[in-house]
Amino acid sequence: KAGVTQTPRYLIKTRGQQVTLSCSPISGHRSVSWYQQTPGQGLQFLFEYFSETQRNKGNFPGRFSGRQFSNSRSEMNVSTLELGDSALYLCASSPGDKGSTDTQYFGPGTRLTVL
Amino acid sequence: AQSVTQLGSHVSVSEGALVLLRCNYSSSVPPYLFWYVQYPNQGLQLLLKYTSAATLVKGINGFEAEFKKSETSFHLTKPSAHMSDAAEYFCAVSSSGTYKYIFGTGTRLKVLA
């Protein structure tokens, strides 16, 4: 089975712009989660989508949004970029129906640099 | 609220020596715990997981972890370190009912020749 794919792998944007990141989950997985990884804050949960609905949300401002399509692919959008948004954005997929024992499989990440 | 604490942000071991990476958890309900490894410029790879079936969990690449409820610990070990084990290791707990993982701050493992 193919793993989780994320595109693009690298992005450079300037402050005030917006950006869209894409994630394709493992075939058959219906849950997609997004995490932000920075040296200062570590790995922080952004949100999780299941069957096109946002099921869980972390503590990020409304500039961070996402969506999921009927084929389970997910996109994440960040509007009005700030310097502090520079990070590695990781997508993880899981079956989504096993509760706390659901295992998340991570993609390689998108490295976003905001100048 | 659930949380994990990883003691030691940096650990150095000699090649062939025992690897011990520490993780303590806090949870009011039976926790589900995971260890992931991250190599430079890559995503997270699952090493092993504890989901209450057995307290000693064996993972990939010779790693194992033991769940100790009395000590609220889930330490990761490997009998003999290899140069290829140099990476950052993350302990995580699955937040009950939310499909959200809470990660520790990570431990960077350095293997000395």
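The values are calculated or read from the model by the stated rules, or taken from the named source; none is laboratory data. In this text, all values refer to a predicted model and were calculated from it rather than measured experimentally. Cβ atoms come from the backbone with ideal geometry, glycine included; neighbour counts cover every protein chain shown. Protein only, heavy atoms only, side chains kept; ligands, DNA and RNA dropped before computing areas. Shrake-Rupley method; radii C 1.70, N 1.55, O 1.52, S 1.80 Å.
Some points to look at:
- Rounded to whole Å, sorted largest first: equivalent-ellipsoid semi-axes of the range A:7-112, Cα gyration tensor: 23, 14, 13
- Averaging the Cα positions of each part gives two centres, and for the range A:1-17 and the range A:87-103 these lie 18 Å apart.
- Peptide B:29-40 has a mean of 2 when you count, residue by residue, the C-beta atoms of other protein chains within 10 Å of its C-beta.
- Its Cα gyration tensor gives the protein assembly as shown an equivalent ellipsoid. The semi-axes, each the square root of 5 times an eigenvalue, are 29, 21, 16 Å from largest down.
- Accessible surface of A:Asp97 - all protein chains present, 1.4 Å probe, nearest 10 Å²: 100
- Partner shielding of A:105-113 amounts to 3, given as the average count of beta-carbon atoms from other chains within 10 Å of each residue beta-carbon.
- Peptide-level mean, for B:100-109, of C-beta atoms on other protein chains within 10 Å: 4
- For chain B, built as a Gaussian network whose Cα springs stay under 10 Å, the top-fluctuating residue of B:Gly59, B:Gly16, B:Gly43: B:Gly43
- Burial here means at least 40 square angstrom less accessible surface with every protein chain in place than with the chain by itself, probed at 1.4 Å; in the range B:85-99 the buried residues are B:Tyr99.
- Total formal charge among the other residues, if their Cβ is under 10 angstrom from that of A:Gly96, Lys/Arg +1 and Asp/Glu -1: 0
- Heavy-atom accessible area, 1.4 Å probe, ligands and nucleic acids excluded: residues of the range A:23-41 down by at least 20 Å² from chain alone: A:Tyr35, A:Gln37
- Threshold 40 Å² - residues in the range A:44-84 whose accessible area is reduced by that much or more when the chain is no longer isolated, probe 1.4 Å: A:Phe45, A:Asn56
- In the context of the full set of protein chains, the range A:1-69 has a per residue accessible area of 53 Å² (1.4 Å probe).
- GNM remark for chain A: springs join alpha carbons under 10 Å apart, and the peak mean-square fluctuation among A:Leu81, A:Leu21, A:Leu46 falls on A:Leu81.
- Once B binds A, the 1.4 Å probe can no longer reach about 1800 Å² of accessible area, counting both sides.
- Element breakdown for the protein assembly as shown at a 1.4 angstrom probe: carbon and sulfur atoms account for 51% of the accessible area.
- Global size of chain B as Cα Rg and Dmax, reported in angstrom: 13.4, 44
- Averaged over its residues, the range B:37-113 has an accessible area of 47 Å² per residue, based on protein heavy atoms and a 1.4 Å probe.
- Two-site FRET efficiency, A:Ser79 against B:Glu71, from Cβ-Cβ distance with R₀ of 41 Å, rounded to 0.05: 0.35
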